[in-house]
Amino acid sequence: MTDRDQISEVIYHYAIGADRRDAAMFAGVFTDEMTVHIRGGSFGEGRRRTLSNHKFAQQVISNLSRFPVTQHSLNVYTVDIKGDEAHTLVYMQARHFIAESEGAHPPWDMGGYYEHHLVRTPSGWKVREYILNITWEQNVAPPLNR
């Protein structure tokens with residue numbers, strides 16, 4: 001498998017892990033310590049933060065668990081490899097179906113693009129840093145009443 005194919009496979013495991021609520025698969029996409037910045041749409045400017053891959057996976061899977069079904073569709077548009085580092089541009093659309101117990105609400109849809117900075121590790125390519133840029137949203141999920 002080429003480096004580009006391996007990198008694409010890592011990126012697709014992000015979506016598969018999220019949609020299957022597989023925290024181990026999701027965490028395995030990232031280096032042990034990673035940096036994330038989610039911004040745009042209902043997230044506003046967001047904030048850049050560095051944390052462990054397992055903590056990030058737990059947070060994401062916990063947040064997604066409120067939705068009975070999600071579908072993250074990704075298209076890897078560019079992979080720029082320089083030695084043991086790579087950068088990607090990945091377009092995305094995501095659907096989040098809201099539980100009937102929360103009342104009638106259409107799916108929360110969003111689109112945008114990811115920017116990944118990956119490094120080659122002894123266990124393969126891993127994402128060290130990523131930015132999610134949300135460029136549009138429809139039907140933003142209402143806040144949970146806990």
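Any residue at all in the stretch 14-27 that's assigned to a strand (DSSP E or B), touching a strand residue (DSSP E or B) at 6+ places or on another chain (Cβ under 9 Å) and within 17 Å of LEU118 (Cα to Cα)? Taking every residue of the stretch 14-27 in turn, none turns out to be assigned to a strand (DSSP E or B), touching a strand residue (DSSP E or B) at 6+ places or on another chain (Cβ under 9 Å) and within 17 Å of LEU118 (Cα to Cα). When each of PHE30, PHE43 is tested for being aromatic (Phe, Trp, Tyr), surrounded by 12 or more Cβ atoms within 10 Å (Cβ to Cβ) and closer than 17 Å to GLN93 by Cα, the lone residue that passes is PHE43. Of the candidates VAL140, VAL119, the single residue that is closer than 18 Å to ASN63 by Cα, surrounded by fewer than 19 Cβ atoms within 10 Å (Cβ to Cβ), in contact (Cβ under 8 Å) with a residue 40 or more places away in the chain and among the aliphatic types (A, V, I, L, M) is VAL140.
Per the conditions (1) under 21 Å from HIS87 (Cβ atoms); (2) out of contact with any Asp or Glu (no Cβ under 7 Å at 6 or more places or on another chain), the sole criterion not satisfied by THR35 is (2). All conditions but one from (1) part of a helix (DSSP H, G or I); (2) out of contact with any His (no Cβ under 9 Å at 6 or more places or on another chain) apply to MET34; the one that does not is (1).
Kindly indicate the residue of the stretch 37-74 that is β-branched (Val, Ile, Thr) and assigned to a strand (DSSP E or B) and also nearest to the chain's Cα centre (by Cα) among those meeting that condition. So that I can check it myself, show each step before the final result.
Our first condition is that a residue be β-branched (Val, Ile, Thr); within the stretch 37-74, this holds for 38, 50, 60-61, 69-70.
From what is left, the residues that are assigned to a strand (DSSP E or B) are 38, 50, 69-70.
Values: ILE38: 9, THR50: 15, VAL69: 15, THR70: 12 Å.
Taking the candidates together, the pick is ILE38.
Conditions (1) under 14 Å from TYR130 (Cβ atoms); (2) at pLDDT 95 or above; (3) of a type in the set (Asp, Glu), marked per residue:
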{"site": "PHE30", "(1), (2), (3)": "yes, yes, no"}
{"site": "VAL36", "(1), (2), (3)": "yes, yes, no"}
{"site": "GLU45", "(1), (2), (3)": "no, no, yes"}
{"site": "LEU51", "(1), (2), (3)": "yes, yes, no"}
{"site": "ASN63", "(1), (2), (3)": "no, no, no"}
{"site": "ARG66", "(1), (2), (3)": "no, no, no"}
{"site": "VAL69", "(1), (2), (3)": "no, yes, no"}
{"site": "ASP80", "(1), (2), (3)": "no, yes, yes"}
{"site": "LEU89", "(1), (2), (3)": "yes, yes, no"}
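Among the candidates ILE11, ILE98, ILE7, the residue that is surrounded by 18 or more Cβ atoms within 10 Å (Cβ to Cβ) and more than 19 Å from TRP125 (Cα to Cα) is uniquely ILE98. For the stretch 81-95, taking the residues that are crowded, with 18+ Cβ neighbours inside 10 Å and aliphatic (A, V, I, L, M), the one that is farthest from the chain's Cα centre (by Cα) is identified as ALA86.
The values are calculated or read from the model by the stated rules, or taken from the named source; none is laboratory data. Because the structure is predicted, anything quoted here is derived from the model rather than measured. Using ideal geometry, Cβ is built from the backbone for each residue, glycine included, and neighbour counts are taken over all protein chains shown.
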